[in-house]
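The values are calculated or read from the model by the stated rules, or taken from the named source; none is laboratory data. Only a predicted model underlies this, so the values are computations on that prediction, with no experimental measurement involved. Methodologically, a virtual Cβ is constructed for each residue, glycine included, from the backbone with ideal geometry; neighbour enumeration extends over all protein chains shown. These accessible areas exclude ligands, DNA and RNA; they are computed on the full protein's heavy atoms, side chains included. Shrake-Rupley method; radii C 1.70, N 1.55, O 1.52, S 1.80 Å.
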Amino acid sequence: MSTGELLSVDPVELKFPFELNKQISSSLQLTNKTDNHVGFKVKTTNPKKYCVRPNTGVVLPRSTCEVIVTMQAQKDAPPDMQCKDKFLLQSVIASPGATPKDITPEMFTKEPGRKLEECKLKVVYLPPNPSTSAIAQAKEEPLFSPKSPAITDKGNFSGPEVSRSYVESQDKSSEVRSLLSKLTDEKNAAIEQSKRIRQEMELLRRGGNKSQGSGGIPLILVIIVALIGLILGYLMKK
C-alpha cells in the first residue's frame, strides 16, 4: 500500500496471472484520506496493451474508489515472465462537488501552489492458478451438453442417448439370435430332407432294377412318381 497525503493506493503492484490469449484484470483501491474531493488520473507506458476503467475520476471525501486495469489478450509470453510496463497515478484536490466530467488534463500539470501527488505502480506477471483456470474453463464450456452422455463414477456412460442406443443394440442382438436359430433349424431340416431323398432314391433305384429284370414297371415311371412325392412334401412343408 502507498500512502500519500491525498490518496492511499492498494496495491502498489498490478498483479496479473498471465495466460496466453486471455484478457486478465487487476484492481486498485483508491481511498480518499481528506475532507476534500480528490481528482485522479491513471497513465501507462503501454496504453495499447491496457484498458483502465475509469482512467480519470473523483474520489469523494473519506471514501474509496475502485479502478479496474485490464490487460488485453497476449499471443506471446514475455521472456522470463518479466514485464517492464509501468503505471502512474496522479491525484489532485478538486473543487467541492466536482464530478468526473470536471476533471481535465490541465489539472494534473505541475504548477506553483498546486498540490499534485504521484504514485508509480509496477506490473507483475504471476503463473496462472490451475484451479482458477479450470473453474473459468468450466464456466465457459459446460461439462455436459444435452446431447452428450454423462460419465458415471465407474467410468461408464449414461444418459438418454446411451440408454436408447443400449436398448436398440439389445433389440438387434435378439433379432440376430432369432434369425440364426431359424437358419440353423432350416439347415438341419434341409439336411434331414436330403438324407430322406437319398434313401428314397436308393430304394427306387433298387426297385427299378428289379422291375426291369422281371418285366415290371419301367424305371422312368418310378422316378416320376418319386419327384411328385418330393414336390408334394415341399408344398406341405410350406
It is to be established whether one or more residues within the range 117-135 are over 15 Å from Leu6 (Cα atoms), modelled with pLDDT of 95 or more and in contact with a Gly (Cβ under 6 Å, 6 or more places away or on another chain). no
Selected residue [surrounded by 16 or more Cβ atoms within 10 Å (Cβ to Cβ) and touching a Cys at 6+ places or on another chain (Cβ under 7 Å)] from Val59, Val38, Val69, Val52: Val59
Residues of the range 46-57 being in a strand (DSSP E or B) and closer than 16 Å to Ala73 by Cβ, in sequence order, are Tyr50, Cys51
In the list Lys43, Lys110, which residue meets the criterion of being among the charged types (D, E, K, R) and either part of a strand (DSSP E or B) or surrounded by 16 or more Cβ atoms within 10 Å (Cβ to Cβ) (or both)? Lys43
Checking the structure you have, find out if any residue of the range 69-86 is in a strand (DSSP E or B), at pLDDT 95 or above and over 15 Å from Ile24 (Cβ atoms). yes
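Against the definition (surrounded by 10 or more Cβ atoms within 10 Å (Cβ to Cβ), in contact with a Pro (Cβ under 8 Å, 6 or more places away or on another chain) and modelled with pLDDT of 55 or more), how does Leu230 come out, yes or no?
So Leu230 does not fit the description; no.
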Of Ser2, Ser95, Ser26, Ser91, which residue is small (Gly, Ala, Ser), buried (at least 18 other Cβ atoms within 10 Å of the Cβ) and over 23 Å from Pro128 (Cβ atoms)? Ser91
Between a first residue in the range 16-36 that is touching a residue at least 40 places away in the same chain (Cβ under 8 Å) and a second residue that is open to solvent by less than 50 Å² (accessible area, probe 1.4 Å) and among the hydroxyl-bearing types (Ser, Thr, Tyr), which pairs have beta carbons less than 6 Å apart while being 6 or more apart in sequence or on different chains? Phe16/Ser26; Phe16/Tyr125; Phe18/Tyr125; Gln23/Thr70; Ser25/Thr70
Just one of (1) free of Cβ contacts under 8 Å to residues at least 12 places away in the same chain; (2) crowded, with 19+ Cβ neighbours inside 10 Å trips up Pro79, so point out which. (2)
